[in-house]
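Only one structure is covered here, and it is reproduced in the block below.
The values are calculated or read from the model by the stated rules, or taken from the named source; none is laboratory data. Quick caveat: nothing in here was measured; it's all calculated off a predicted structure. Using ideal geometry, Cβ is built from the backbone for each residue, glycine included, and neighbour counts are taken over all protein chains shown. Calculation scope for accessible area: heavy atoms of the full protein, side chains included, ligands and nucleic acids excluded. Shrake-Rupley method; radii C 1.70, N 1.55, O 1.52, S 1.80 Å.
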Amino acid sequence: PVKYSLDQNYPNPFNPSTKIVYSVAQPSQVKLVVTNILGQVVETLVDEFRSAGTFEVNFNAENLSSGLYIYSLEAGSVSISKKMTLLK
(Lines give C-alpha, C1' and ligand atoms only; values in the text may rest on other atoms or scores of the structure.)
Protein backbone atom coordinates (compact mmCIF):
# COMPACT_ATOMS: atom_id res chain seq x y z
CA PRO A 1 0.00 0.00 0.00
CA VAL A 2 1.14 3.55 -0.72
CA LYS A 3 -0.89 5.16 2.07
CA TYR A 4 -2.56 4.37 5.37
CA SER A 5 -6.24 3.56 4.97
CA LEU A 6 -9.21 2.32 6.96
CA ASP A 7 -12.07 0.73 5.04
CA GLN A 8 -15.73 0.89 6.02
CA ASN A 9 -16.63 -2.19 8.05
CA TYR A 10 -18.66 -4.90 6.34
CA PRO A 11 -21.47 -5.60 6.82
CA ASN A 12 -22.77 -2.34 8.23
CA PRO A 13 -25.15 -2.35 10.08
CA PHE A 14 -24.03 -5.64 11.64
CA ASN A 15 -25.11 -8.22 14.22
CA PRO A 16 -23.10 -9.48 16.05
CA SER A 17 -19.81 -9.43 14.09
CA THR A 18 -18.23 -7.39 11.32
CA LYS A 19 -14.98 -7.24 9.36
CA ILE A 20 -12.60 -4.24 9.35
CA VAL A 21 -9.83 -3.94 6.73
CA TYR A 22 -6.95 -1.47 7.05
CA SER A 23 -3.68 -0.78 5.23
CA VAL A 24 -0.31 0.24 6.64
CA ALA A 25 2.06 2.10 4.28
CA GLN A 26 5.27 1.58 6.29
CA PRO A 27 6.22 -0.60 9.24
CA SER A 28 4.84 1.15 12.33
CA GLN A 29 3.09 0.80 15.67
CA VAL A 30 -0.62 0.31 14.92
CA LYS A 31 -3.58 0.80 17.22
CA LEU A 32 -7.16 -0.02 16.21
CA VAL A 33 -9.80 0.65 18.86
CA VAL A 34 -13.59 0.66 19.04
CA THR A 35 -15.26 3.33 21.17
CA ASN A 36 -18.85 4.06 22.08
CA ILE A 37 -20.46 7.38 21.20
CA LEU A 38 -19.17 8.85 24.51
CA GLY A 39 -15.57 8.10 23.50
CA GLN A 40 -15.09 5.23 25.96
CA VAL A 41 -12.97 2.38 24.57
CA VAL A 42 -15.09 -0.79 24.40
CA GLU A 43 -12.45 -2.94 22.70
CA THR A 44 -8.86 -2.71 21.48
CA LEU A 45 -8.61 -4.82 18.32
CA VAL A 46 -4.93 -4.18 17.46
CA ASP A 47 -2.10 -2.67 19.51
CA GLU A 48 1.19 -3.87 18.06
CA PHE A 49 3.94 -3.25 15.55
CA ARG A 50 2.88 -4.16 11.99
CA SER A 51 4.84 -4.41 8.78
CA ALA A 52 3.57 -2.65 5.66
CA GLY A 53 0.55 -4.39 4.15
CA THR A 54 -3.21 -4.84 4.27
CA PHE A 55 -4.80 -6.50 7.28
CA GLU A 56 -8.25 -7.76 8.23
CA VAL A 57 -9.74 -7.89 11.74
CA ASN A 58 -13.03 -9.40 12.87
CA PHE A 59 -14.93 -7.52 15.58
CA ASN A 60 -17.48 -9.45 17.63
CA ALA A 61 -19.91 -7.18 19.49
CA GLU A 62 -22.01 -9.94 21.04
CA ASN A 63 -21.69 -8.40 24.52
CA LEU A 64 -22.50 -4.82 23.43
CA SER A 65 -25.87 -3.13 23.07
CA SER A 66 -27.29 -1.80 19.80
CA GLY A 67 -26.05 1.61 18.77
CA LEU A 68 -23.46 3.67 16.97
CA TYR A 69 -19.77 2.89 17.52
CA ILE A 70 -16.60 4.56 16.25
CA TYR A 71 -13.53 2.61 15.17
CA SER A 72 -10.21 4.42 14.91
CA LEU A 73 -6.85 3.55 13.39
CA GLU A 74 -3.67 5.21 14.67
CA ALA A 75 -0.46 4.40 12.79
CA GLY A 76 2.59 6.57 12.43
CA SER A 77 1.33 10.16 12.33
CA VAL A 78 -2.03 9.12 10.82
CA SER A 79 -5.36 8.89 12.64
CA ILE A 80 -8.50 7.74 10.79
CA SER A 81 -11.96 7.15 12.29
CA LYS A 82 -15.20 5.70 10.89
CA LYS A 83 -18.68 4.93 12.22
CA MET A 84 -20.47 1.57 12.39
CA THR A 85 -23.91 0.56 13.57
CA LEU A 86 -24.75 -2.49 15.69
CA LEU A 87 -28.39 -3.59 15.30
CA LYS A 88 -29.61 -6.41 17.52
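Looking at the chain, the accessible area is 57 square angstrom per residue; that uses a 1.4 Å probe and ignores ligands, DNA and RNA. Taking the 1.4 Å solvent-accessible surface of segment 2-55 as the whole, the part contributed by carbon and sulfur is 50%.
Dipole of the chain, Cα-centred, from +1 at each Lys and Arg C-beta and -1 at each Asp and Glu C-beta, to the nearest 20 debye? If you can, show how the numbers build up before the last one.
Numbers: 7 positive and 7 negative charges, 45 e Å.
It works out to roughly 220 debye.
For Rg and Dmax of the Cα atoms in Å, computed directly from the structure shown, the correct entry in (i) 12.6, 38; (ii) 13.8, 40; (iii) 14.3, 43 is (i).
On a 1.4 Å probe surface of the protein chains, which of ILE37, ILE70, ILE20 comes out largest in accessible area, and what is the full order? Provide the component values of the computation, followed by the final result.
Values: ILE37 115, ILE70 40, ILE20 0 Å².
From most exposed to least exposed: ILE37, ILE70, ILE20.
In segment 16-88, which GluC sites (Glu not before Pro) are in a loop and have at most 14 other Cβ atoms within 10 Å, using DSSP for the loop call? Passing sites in segment 16-88 are GLU62.
Relative contact order for the chain: what percent, with Cα pairs under 8 Å and sequence separation of 6 or more?
Numbers: 215 pairs, mean separation 30.6, N = 88.
Relative contact order, the chain: 35 percent.
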